[in-house]
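The values are calculated or read from the model by the stated rules, or taken from the named source; none is laboratory data. All values reported here derive from a predicted model rather than from experimental measurement. No Cβ is skipped: glycine too gets one built from the backbone with ideal geometry, and neighbour counts run over all protein chains shown. Surface accessibility is based on the protein's heavy atoms, side chains included, excluding ligands, DNA and RNA. Shrake-Rupley method; radii C 1.70, N 1.55, O 1.52, S 1.80 Å.
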Amino acid sequence: MATALQTERLVLRPFSSQDFDHFVTEMLTDPRVVAFYYSFRDEVDPDRIRQQAQDDFWDQFEDSRANHKLEIWAACESAGDGRFVGWSGLLFTSLSERYGAPELQYMISGNMHGKGYATELAREVLLHAHDVLGLNHVIATVDIPNVGSIRVLEKLGFQLDGQIEAYGSDQMYLYRLQATDVEVH
């Protein structure tokens, strides 16, 4: 199992079942977080939210770990009470098969939006992927109206590949990052 990673403001550790519980109860019920996650946006039943999260996230996390040696990281603030900030990781998805690269995904708690945590977290995940795993090509998808996530990807050096249909939406952009484009150092 992977060890913890550290940034200036965050501690990243392998995402656990306890992190999953926090993610489901706090993040997937927050309209700021699920605004671009269609299967969660209007759902209020906690059992349905948990089952959908199991299918959409946890099972994908576990498959990416077990079958592709990719890690998903829970992020907590390194100062103060170590508050949960969100998660990020590289996952092997159906898009990974199609485009030949793992997919960077991340999600930040609603009360942490706008503080630069997504960029800091994703940057560390990409550094780990490049330096430790030797990955040189990564993809990411983002909803076209999600300006915040678009800015994160562009700050990290991702290049827009074009509009695609993914995750139940035809309003998605595909971004790519090559090792030569990495702006993570």
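When only the Cβ of Lys, Arg, Asp and Glu is charged (+1, +1, -1, -1), the dipole of the range 64-121 relative to its Cα centre reaches about 100 debye. Dividing the helix sum by the residues of the chain, where each DSSP H run of 4 or more adds -39500 (n - 2.57), gives a mean residue ellipticity at 222 nm of -9000 deg cm²/dmol.
Per residue, the accessible area of the chain comes to 49 Å² when a 1.4 Å probe rolls over the protein heavy atoms.
Report the Cα centroid-to-centroid distance between the range 116-163 and the range 1-29 in angstrom, as an integer. When both Cα centres are located, 18 Å separates them. Each Lys and Arg adds +1 at its Cβ and each Asp and Glu adds -1 at its Cβ; summed about the Cα centre, the range 39-85 shows a dipole of about 180 debye.
Quick check: at a probe of 1.4 Å, how many percent of the accessible area of the chain sits on carbon and sulfur atoms? Carbon and sulfur together cover 47 percent of it.
Placing +1 on the Cβ of every Lys and Arg and -1 on the Cβ of every Asp and Glu, with nothing else charged, gives the range 1-112 a dipole about its Cα centre of roughly 340 debye. Ranked from largest to smallest solvent-accessible area, with a 1.4 Å probe on the protein heavy atoms, Glu8, Glu165, Glu26 come out as Glu8, Glu165, Glu26. From most to least packed by mean Cβ count within 10 Å, the peptides 121-130, 44-53 give 121-130, 44-53. One quarter of the convex hull surface built on the alpha carbon atoms of the chain amounts to 9.8 nm², the projected area averaged over directions. When every Cα-Cα distance of the range 22-76 is counted in 5 angstrom steps from zero, the calculated P(r) takes the values 4, 19, 26, 22, 16, 10, 2 percent. Dividing the mean sequence gap of close Cα pairs (under 8 Å, 6+ apart) by how many residues the range 25-109 holds gives a relative contact order of 22 percent.
In this view, the solvent-accessible surface of Tyr173, computed with a 1.4 Å probe and all protein chains in place, comes to about 60 Å². For the range 82-128, the fraction of alpha-carbon pairs lying more than 12 Å apart is 63 percent, rounded to a whole number.
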